[in-house]
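Shown next, in C-alpha cells, is the structure this report addresses.
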Amino acid sequence: MNEMRGSAEDPADVRAELADRARQVADGLHAQLRATGACWGADEAGTAFARVHAARARQLLERLDAAPARLRAGAPGRTGERG
C-alpha cells in the first residue's frame, strides 16, 4: 500500500489523499462493471433478481461516486451522521 502524501498532521491533506483513493476505487469498479455488464441475466430468475437488487446496486454506486467529494469536505458521517 502507498504511504499517504502530505502530513498526517494535516487533516485536509489526509482527506485529499483518501478522496483520491476513493475516486480510483470508484473508477476501477465502474470500468469493471462496464466490461462485465449486468450479472443477473435476462431470464425470469434474472429479471426477478434485478427487481429486488438493481436499485440498491445503483444507490451503492451513487454513494461510492459521492465519497471523494464528501471526504474532501470532511463529510457528515465523521460525527455519527448518516448521509
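Laboratory data are not the source of any read-out in this text; all were calculated from the coordinates shown. The structure presented is a predicted model; accordingly, all values stated were derived computationally and were not measured. FYI the Cβ positions are ideal-geometry reconstructions off the backbone, even for glycines, and counts take in every protein chain you see.
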Order these peptides, 62-70, 36-44, 24-32, by their mean beta-carbon neighbour count within 10 angstrom, highest first.
-> 62-70, 24-32, 36-44
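What's the local net charge at His30, with K and R +1, D and E -1, over the other residues with C-beta under 14 Å away? List each step's numbers first, then the result.
Details: positive: Arg23, Arg34, Arg58, Arg63; negative: Asp27, Glu62, Asp65.
Overall, the nearby charge balance is +1.
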Lys and Arg at +1, Asp and Glu at -1: neighbours of Arg51 with Cβ under 14 Å from its Cβ sum to 0
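Using the 2.2 N^0.38 Å rule of thumb for compact globular proteins, work out how region 11-72 stacks up: its C-alpha Rg over that value, please.
Numbers: Rg = 15.0 Å, N = 62, 2.2 N^0.38 = 10.6 Å.
Rg over 2.2 N^0.38 Å, computed on Cα atoms: 1.42.
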